[in-house]
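Enquirer: My structure is below; once you've seen it, I'll send some questions.
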Amino acid sequence: MLRVVKRLCVGLLLTAIFAPSGFAQTALTWQEIRVKFEAANPTLRAGQIGIDESRAQEITANLRPNPNMTILADQIDPFSGGPPHGPFAYLLASGTVNFLWERQHKRGLRLESAQKGTAVISSGQADLERNLLFNLRGAFVGALQEKAILGLAKENLAYYDHVLDVNRERYKAGGIAQVDLKRLELQRVQYLSDLQTAEVNLRIAKIQLLMLLNDQTPVEQFDVIGPFDFSGQIPPLSDIRQAALDTRPDLRAVLQSVDKAKTDYRLAVANGSTDPILGFDGGRNPPIDQYVGFSVSIPLRIFDRNQGEKRRTQLDIDRNDKLAAATRAQVFNDVDSAYATVNSTVILLKPYKDQYLEEASSVRDTIAFSYQHGAASLLDFLNAQADYRSVQVNYLNLVASYLNAASQLNLAVGREVIQ
């Protein structure tokens, strides 16, 4: 019994030790977030089903016409008129098989049109994924931004608490007035407010990201990780333009639509041709015991009933050509605008990283040291603290702007050209 109690206590102790690990946050990288999104997002999965439906239509388009069979039993005479005879004495039995012979490669053109339709839908699915990934990337960057701001708020509060501790000692030693100490303590509310706001914003950013992932993981157990920084190296605009022309799925879709429209026109012309019906029949017709025969039925094209479809498909080629030109112009507009935004953000970020951040930190520390030794006023100290906080927050917001602009450029190109 004692041994059982000991084992039970050991088991409870191990459970208490390892239980928190089950609720630890799972920090996911961008690639892991993207894989989860592509596997679980219901909008993407619905679009994939649409592609499968289009492939099923290819099967229908490639179907061959079935032959028709007719069985005839004629000249059954159950009536008593005329010379004596049985009801089946004059029976005429025959069978006929008819088959539609499609000319001008109609079946092949139907299949080709359906396959090109599937290609257009697949490109549309890729374009849908491109736009959804942009939204996902924006939510991911937002979570990283709020994490960075939360870290800054914690750092500022810890630094300010240290300053308060030093000045409390100074107050006890008679180095500062009580009113100055109270003003310092009141200022701490701002840093507490920053910390609380950052925690709420980070939670909201995680909730939005979980919504896009269609994930029911509790917010407390979900986290993201990744570089929150910028790169001054941007590929040349000409290379990015060419990459967009080669990659953008919406441009590829309209070009495929042009090709499909040409196939549809060829199919409309082929459908205007006549398709003969070939027939074979055999039977018995007394006094002929057995016989066979052949037939060909050819529709007379006195009126062309396919002129409207020919004209429509020909106009559709021109329409898709113009849509392709408009989409190509839109691609250049998207790339050039996003490139200008990225470049402008980098220009703003470089002096922050090279100069402003270090200067703000240096000024804050210098003023704090001077204030603690009576060489600077309380107002100078509070202003230096506020300036440091403002510069740091501005820098983090600019980094987030850069990452969002890079995401916009990746959206404009159709693939990641800036990680």
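The values are calculated or read from the model by the stated rules, or taken from the named source; none is laboratory data. Since the structure is predicted, the reported quantities are computational estimates derived from the model, not experimental observations. All Cβ positions, glycine included, derive from the backbone under ideal geometry; neighbour counts span all protein chains shown. Note: accessible area is taken over every heavy atom of the protein model, side chains too, but ligands, DNA and RNA are not part of it. Shrake-Rupley method; radii C 1.70, N 1.55, O 1.52, S 1.80 Å.
Enquirer: For segment 199-228: of the residues being without any contact (Cβ under 8 Å) to a residue 24 or more places away in the chain, more than 25 Å from N394 (Cβ to Cβ) and in a loop (DSSP other than H, G, I, E, B), which is farthest from the chain's Cα centre (by Cα)?
Expert: Selected residue: P218.
Per-residue answers, yes or no, for (1) in contact with an Asp or Glu (Cβ under 6 Å, 6 or more places away or on another chain); (2) among the small types (G, A, S):
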site: S54; (1), (2): no, yes
site: N62; (1), (2): no, no
site: P67; (1), (2): no, no
site: F79; (1), (2): no, no
site: P84; (1), (2): no, no
site: G95; (1), (2): no, yes
site: A114; (1), (2): yes, yes
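Enquirer: Which condition number does L133 fail, the rest of (1) closer than 30 Å to L255 by Cα; (2) open to solvent by 30 Å² or more (accessible area, probe 1.4 Å) being met?
Expert: Every condition holds for L133 apart from (2).
Enquirer: Would you say T366 is under 24 Å from E155 (Cβ atoms) and open to solvent by 60 Å² or more (accessible area, probe 1.4 Å)? Don't jump to the end; show me each part of the working.
Expert: Working: under 24 Å from E155 (Cβ atoms): yes; open to solvent by 60 Å² or more (accessible area, probe 1.4 Å): yes.
Against the criterion (under 24 Å from E155 (Cβ atoms) and open to solvent by 60 Å² or more (accessible area, probe 1.4 Å)), T366 qualifies.
Enquirer: Further, regarding this structure: Tell me which residues, restricted to segment 179-193, are surrounded by fewer than 11 Cβ atoms within 10 Å (Cβ to Cβ) and either closer than 17 Å to K154 by Cβ or more than 52 Å from the chain's Cα centre (by Cα) (or both). Lay out the reasoning, then the answer.
Expert: Residues of segment 179-193 surrounded by fewer than 11 Cβ atoms within 10 Å (Cβ to Cβ): 179, 186, 189.
V179, V189 - these are the residues of segment 179-193 that are surrounded by fewer than 11 Cβ atoms within 10 Å (Cβ to Cβ) and either closer than 17 Å to K154 by Cβ or more than 52 Å from the chain's Cα centre (by Cα) (or both).
Enquirer: Take S231 and tell me if it is of a type in the set (G, A, S), open to solvent by 40 Å² or more (accessible area, probe 1.4 Å), touching a residue at least 40 places away in the same chain (Cβ under 8 Å) and out of contact with any Leu (no Cβ under 7 Å at 6 or more places or on another chain).
Expert: Details: of a type in the set (G, A, S): yes; open to solvent by 40 Å² or more (accessible area, probe 1.4 Å): yes; touching a residue at least 40 places away in the same chain (Cβ under 8 Å): yes; out of contact with any Leu (no Cβ under 7 Å at 6 or more places or on another chain): yes.
Yes.
Enquirer: Being hydroxyl-bearing (S, T, Y), surrounded by fewer than 16 Cβ atoms within 10 Å (Cβ to Cβ) and on the phi < 0 side of the Ramachandran plot is the requirement here; does S257 meet it?
Expert: No.
Enquirer: Which one of Q57, Q75, Q48 is surrounded by 11 or more Cβ atoms within 10 Å (Cβ to Cβ), in contact (Cβ under 8 Å) with a residue 12 or more places away in the chain and touching a Phe, Trp or Tyr at 6+ places or on another chain (Cβ under 6 Å)?
Expert: On the way: Q57 fails: touching a Phe, Trp or Tyr at 6+ places or on another chain (Cβ under 6 Å); Q48 fails: touching a Phe, Trp or Tyr at 6+ places or on another chain (Cβ under 6 Å).
One residue alone meets the criteria, Q75.
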